[in-house]
1. State whether the residues of segment 390-404 include one that is out of contact with any helix residue (DSSP H, G or I) (no Cβ under 9 Å at 6 or more places or on another chain), open to solvent by 30 Å² or more (accessible area, probe 1.4 Å), on the phi < 0 side of the Ramachandran plot and not hydroxyl-bearing (Ser, Thr, Tyr).
2. Suppose we filter segment 400-441 for residues that are within 18 Å of the chain's Cα centre (by Cα) and in a helix (DSSP H, G or I); how many remain?
3. How many of the residues in segment 192-227 are touching a Ser or Thr at 6+ places or on another chain (Cβ under 6 Å) and closer than 18 Å to Pro171 by Cα?
4. In segment 138-179, what residues are among the β-branched types (Val, Ile, Thr) and farther than 13 Å from Ala212 by Cα?
5. Could you check segment 48-73 and list, in sequence order, the residues that are of a type in the set (Phe, Trp, Tyr) and open to solvent by less than 10 Å² (accessible area, probe 1.4 Å)?
6. Among the residues of segment 214-231 satisfying the criterion of being part of a loop (DSSP other than H, G, I, E, B) and over 20 Å from the mean Cα position of the chain (by Cα), which is surrounded by the fewest Cβ atoms within 10 Å (Cβ to Cβ)?
7. Just to be sure, is Ile298 open to solvent by 10 Å² or more (accessible area, probe 1.4 Å) and within 16 Å of the ligand (Cβ to nearest atom)?
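The values are calculated or read from the model by the stated rules, or taken from the named source; none is laboratory data. These figures come from a predicted structure and were not determined experimentally. Note: ideal-geometry Cβ built from the backbone for every residue, glycine included; neighbour counts use all protein chains shown. Accessible surface areas use protein heavy atoms only, side chains included; no ligands, DNA or RNA. Shrake-Rupley method; radii C 1.70, N 1.55, O 1.52, S 1.80 Å.
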Amino acid sequence: MNPGPLLISGDREPVPGRATDVRGLLMDHFLYRDGRLFAEDVPVAEIAASVGTPVYVYSAATLLRHYGLFDDALAGMPHTVCFAMKSLSNVAVLKLLGDAGAGMDVVSGGEYRRARAAGVPGDRIVFSGVGKTREEMRLALEGGIKQFNVESEPEMIALDEVARAMGKVAPITVRVNPDVDAKTHAKIATGKSENKFGIPISRARDVYRLAAGLRGLKVMGIDVHIGSQLTDLAPFEAAYRKVADLTLALRADGHEITRLDLGGGLGIPYVRSNEAPPLPSEYGEMIRRTVGHLGCEIEIEPGRLISGNSGIMLSRVIYVKSGEGRDFLILDGAMNDLIRPAMYDAHHDIIPVIEPHAGAPVQPFDIVGPVCETGDTFARARNMPLLAEGDLVAFRSAGAYGAVMASEYNSRPLIPEVLVKGDQFAVIRARPTFDEMISRDTMPEWL
Ligand SMILES: *Cc1c(COP(=O)(O)O)cnc(C)c1O
């Protein structure tokens, strides 16, 4: 079965054979039409005019498409695609995906509450994270949970106590650290032995023996997640082979292993000229090849690949400033709205909302926000068409780890989020007023 095209935000017509073409599979819901950028059937300039800038804009069709690619990739195996909602956690987006059948991977009590508020049933929610508190454990046991992905022995002991005190049995997997190098940015690599995540796979059999002796826990399977923005299947494959070996070893020890949670981490092409990352279909075939014979339910936790290219951040040029030897585009969006460039040295394509004519002149600009930090730089010496004050630009691939990482640094209110579906759009998180932002602070009586 051909799962169809992977959607890359902002891309144009498929141009087979070109370096910018993701193997002839480009298709998109953020397209220029008659020289104007659209999100599905809505001109993005209309959204900017109605909601203001900066603003995040998501495409429902792209979100569903990408979820569907994973669902199709695992067809024929019992499976659950648990969206890693830390990448994009707006309740409207969660409802869209949940209604399509997605489960959720949550990493906090707040995310658990959001998933439930979106109508996702507890038996489709897995709970990851190294520092789950007893309170979070109680919340999930009370409300229903598919499993806890336990990351340490102390956590295991705490969960056992909490579950027994509630007269419940907590379904668990143990997150193992397979000690493979994910070859990604150091801040998002999680599968090396020096990282804080999981238990060393070499100690797994001892830890499962401990778990089997705890009456408040029921071992369901094994969990692994080696990192994010992986653009090569080899590290995944190395990790999953280790999981397959461990499955057999644990079964030989008498444990019932019926579920394998293989984590998330499949990367997306942030730069179109990059070599295309593997497709979900290829990832699915590799899963079938490495663990498909074990008869387990397969869970995966993709975040970025579902949400990343499903969103853009729209921003407006405030000033065009000439510096010494360099010119600056100063935007109304800043590092507090989209922190990935400052935090991970990440690249985002930044495109004008009015399509430049073929052969229009370009010039290198440093593209920056108004925040008082040198790190508030989105791109250096980026070739851009000659933009003017008031022009709109779109940051592509901004759906994942964008809005969720935003802050109010420099007392800039959180920016709104908009969801587009066909020719409709709706604000799914409003921009707070300055009064709302300031009135959250309270004055002590003695001041
Ligand atoms: C962050 C994370 C994911 C999602 O990673 P992506 O790169 O967004 O796919 C999945 N599982 C766990 C445990 C995570 O921490």
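1. yes
2. Of the residues in that region, 3 qualify.
3. 4
4. The initial filter retains those residues of segment 138-179 that are among the β-branched types (Val, Ile, Thr), namely 145, 150, 157, 162, 169, 172-174, 176.
Of everything in segment 138-179, those that are among the β-branched types (Val, Ile, Thr) and farther than 13 Å from Ala212 by Cα turn out to be Ile145, Val150, Val162, Val176.
5. Just the residues of segment 48-73 that are of a type in the set (Phe, Trp, Tyr), to begin with: 56, 58, 67, 70.
Answer for segment 48-73, where residues must be of a type in the set (Phe, Trp, Tyr) and open to solvent by less than 10 Å² (accessible area, probe 1.4 Å): Tyr56, Tyr58, Phe70.
6. Going residue by residue through segment 214-231, those that are part of a loop (DSSP other than H, G, I, E, B) are 214-216, 224-226, 228-229, 231.
Filter once more, so that each one left must be over 20 Å from the mean Cα position of the chain (by Cα): 214-216.
Numbers: Leu214: 19, Arg215: 10, Gly216: 21.
Filtering first and then ranking leaves Arg215.
7. Against the criterion (open to solvent by 10 Å² or more (accessible area, probe 1.4 Å) and within 16 Å of the ligand (Cβ to nearest atom)), Ile298 does not qualify.
Okay, residues lined up against (1) within 16 Å of the ligand (Cβ to nearest atom); (2) in a strand (DSSP E or B); (3) within 23 Å of Ile125 (Cα to Cα):
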site	(1), (2), (3)
Val162	no, no, yes
Ala182	yes, no, no
Arg241	no, no, no
Ala249	no, no, no
Leu260	yes, yes, yes
